[in-house]
Amino acid sequence: MKLALISGAALLAAATSAMACPDYSQTGDSYEVSGDQLYAGFDLPVVAGGENFLGECDLPGINGAGFFITPPDFSFYLSGMDGYDLEVSVQGDCDTALLVNTPSAVWVFDDDSAGELQPYLLLSGIGDGRLDAWVGTYNGEYCDATIHLETWLP
């Protein structure tokens, strides 16, 4: 009986850890920024990586791999975004990946579009509201990185 309880607890712990995924209901380090402010560019340091393998998560529209933490690294409260496109990119000391949840609750992922194993997203017409960003790594290691946000006029 004791072995069955221990086995059941181990199975439950494994299932719980496998179900951990990025969660936009939590909040990351918060910043209020406007489209005009972001026109000059905005950089923040971050430790890239996490314990959750994206391939095991069921995020709508996401077909990618990488390791991310559960809460967002950052929650950006965007205002004055009308007329702007938003660039979100990462430069890190390892193979970084980027996951974003837009103000309209759309998941967006990138791994290497900036070249040299770094992610880049250009988001058009995302509007005002909360944008959550996770900076992960492709292979599960951790490294120092910088997330960059900048607005552009299309």
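If we scan segment 138-150, do we find a residue that is within 20 Å of LEU59 (Cα to Cα) and in contact with a helix residue (DSSP H, G or I) (Cβ under 8 Å, 6 or more places away or on another chain)? No - not one qualifying residue is present in segment 138-150. Inspection of segment 27-40 finds a residue satisfying the criterion of being surrounded by fewer than 10 Cβ atoms within 10 Å (Cβ to Cβ), out of contact with any Phe, Trp or Tyr (no Cβ under 7 Å at 6 or more places or on another chain) and at pLDDT 95 or above. Of the set (1) in a loop (DSSP other than H, G, I, E, B); (2) under 24 Å from GLY125 (Cα atoms); (3) of a type outside the set (Lys, Arg); (4) at pLDDT 95 or above, all apply to ASN63 but (4). Only one of the numbered conditions (1) among the polar types (S, T, N, Q); (2) in contact with a Gly (Cβ under 9 Å, 6 or more places away or on another chain); (3) buried (at least 19 other Cβ atoms within 10 Å of the Cβ) is violated by SER89, and that is (2). Selection of segment 127-145 for residues being at negative phi, surrounded by fewer than 20 Cβ atoms within 10 Å (Cβ to Cβ) and either at pLDDT below 95 or not charged (D, E, K, R) (or both) yields ASN139, TYR142, CYS143.
The values are calculated or read from the model by the stated rules, or taken from the named source; none is laboratory data. Note that the coordinates shown come from a computational prediction; the quantities given were computed from them, not determined experimentally. Virtual Cβ from ideal backbone geometry, glycine too; neighbours counted across all protein chains shown.
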